[in-house]
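Engineer: Quick one: structure below, then a few questions.
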Amino acid sequence: TLLPCLEEINANYCDLRVIPDFVGRIPGLQKLHLEDNNLDNIDALMGLSGLKYLNIATNHIEVLPEDWSALSRLVVLNVANNAIKKLPSDLLNLSELEILIVSENETLKELPSNIGSLNNLSELLANSCGLKNVPRSLCQMKGLHTLELTNNRITSLPRSFIKLTGLKTLDLAD
């Protein structure tokens with residue numbers, strides 16, 4: 001088995017253009033930091049079934065993989081500051097996801113309409129994305145306590161927004 005004891009890799013600021021193949025085959029990997037590199041895809045990571053934390057912020061990713069089923073244990077996903085246009089629908093099957101950071105993806109014009117299916121989500125940061133509205137399903141997220149939607153184009157919130165009874169921090173500043 002390849003590096004059987006390795007649980008965390010920090011490869012932030014390494015000027016990586018490609019994720020080495022072996023990284024996607026490390027069975028015990030739980031945390032992976034790949035912030036501020038030159039990556040344009042993360043396909044090599046889609047088999048990391050034990051991964052709980054993934055930070056791929058500040059890269060050159062435009063399209064996220066469609067199939068996230070192997071990453072079912074993911075708790076934190078940071079895809080901020082890329083060029084992502086759309087969040088794949090399969091992301092919404094990550095039932096253990098607690099923190100989702102999609103900020104500074106200026107080409108991401110909308111959140112998935114059924115984002116409310118992320119039942120365990122407690123923090124959603126979607127600042128500076130060009131969002132025009134908030135999906136109604138988001139208002140079903142009873143556990144959501146932090147919602148940041150600064151520097152977007154949101155002009156109104158759904159009436160059902162009052163159902164977010166666990167919300168502690170709401171930032172809509174422009």
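The values are calculated or read from the model by the stated rules, or taken from the named source; none is laboratory data. All of these numbers come straight from a predicted model, not from anything done at the bench. Don't worry about glycine lacking a Cβ; one is built from the backbone with ideal geometry, like all the others, and counts go over all protein chains shown. Only protein heavy atoms, including side chains, enter the accessible area calculation; ligands, DNA and RNA are left aside. Shrake-Rupley method; radii C 1.70, N 1.55, O 1.52, S 1.80 Å.
Engineer: Can you tell me which condition Leu124 does not meet? The list is (1) in a loop (DSSP other than H, G, I, E, B); (2) within 21 Å of Ile162 (Cα to Cα); (3) of a type in the set (A, V, I, L, M, F, W, C), and all the others hold.
Structural biologist: All conditions are met except number (1).
Engineer: For Ser103, indicate whether it is touching a strand residue (DSSP E or B) at 6+ places or on another chain (Cβ under 6 Å), in a loop (DSSP other than H, G, I, E, B), buried (at least 16 other Cβ atoms within 10 Å of the Cβ) and hydroxyl-bearing (Ser, Thr, Tyr). So that I can check it myself, show each step before the final result.
Structural biologist: Details: touching a strand residue (DSSP E or B) at 6+ places or on another chain (Cβ under 6 Å): yes; in a loop (DSSP other than H, G, I, E, B): yes; buried (at least 16 other Cβ atoms within 10 Å of the Cβ): yes; hydroxyl-bearing (Ser, Thr, Tyr): yes.
So Ser103 passes the test.
Engineer: Given the residues Leu51, Leu108, which is the only one that is surrounded by 20 or more Cβ atoms within 10 Å (Cβ to Cβ), touching a helix residue (DSSP H, G or I) at 6+ places or on another chain (Cβ under 8 Å) and at pLDDT 95 or above? Give the derivation first.
Structural biologist: Details: Leu108 fails: touching a helix residue (DSSP H, G or I) at 6+ places or on another chain (Cβ under 8 Å).
Selected residue: Leu51, the only one of Leu51, Leu108 that is surrounded by 20 or more Cβ atoms within 10 Å (Cβ to Cβ), touching a helix residue (DSSP H, G or I) at 6+ places or on another chain (Cβ under 8 Å) and at pLDDT 95 or above.
Engineer: For the stretch 131-144, check the following and say yes or no: at least one residue is crowded, with 16+ Cβ neighbours inside 10 Å, outside any loop (DSSP other than H, G, I, E, B), free of Cβ contacts under 8 Å to residues at least 60 places away in the same chain and among the basic types (Lys, Arg).
Structural biologist: Among the residues of the stretch 131-144, at least one is crowded, with 16+ Cβ neighbours inside 10 Å, outside any loop (DSSP other than H, G, I, E, B), free of Cβ contacts under 8 Å to residues at least 60 places away in the same chain and among the basic types (Lys, Arg), which makes the answer yes.
Engineer: While we're on this one: Go over the candidates Asn127, Asn78, Asn120 one by one and state the one that is buried (at least 20 other Cβ atoms within 10 Å of the Cβ), at pLDDT 95 or above and not aliphatic (A, V, I, L, M). Give the steps one after another, and end with the answer.
Structural biologist: On the way: Asn127 fails: buried (at least 20 other Cβ atoms within 10 Å of the Cβ); Asn120 fails: buried (at least 20 other Cβ atoms within 10 Å of the Cβ).
None of the other options fit; the residue is Asn78.
Engineer: Taking Thr155 as the residue in question, decide whether it is open to solvent by 80 Å² or more (accessible area, probe 1.4 Å), of a type in the set (Val, Ile, Thr) and either touching a Pro at 6+ places or on another chain (Cβ under 7 Å) or part of a loop (DSSP other than H, G, I, E, B) (or both). Can you show your working first?
Structural biologist: On the way: open to solvent by 80 Å² or more (accessible area, probe 1.4 Å): yes; of a type in the set (Val, Ile, Thr): yes; either touching a Pro at 6+ places or on another chain (Cβ under 7 Å) or part of a loop (DSSP other than H, G, I, E, B) (or both): yes.
For Thr155, the condition - open to solvent by 80 Å² or more (accessible area, probe 1.4 Å), of a type in the set (Val, Ile, Thr) and either touching a Pro at 6+ places or on another chain (Cβ under 7 Å) or part of a loop (DSSP other than H, G, I, E, B) (or both) - is met.
Engineer: Further question: Step by step: first the residues of the stretch 1-47, then only those that are over 23 Å from Ala83 (Cβ atoms) and within 19 Å of the chain's Cα centre (by Cα), then the one that is least open to solvent (accessible area, probe 1.4 Å). Which residue is that?
Structural biologist: Leu29
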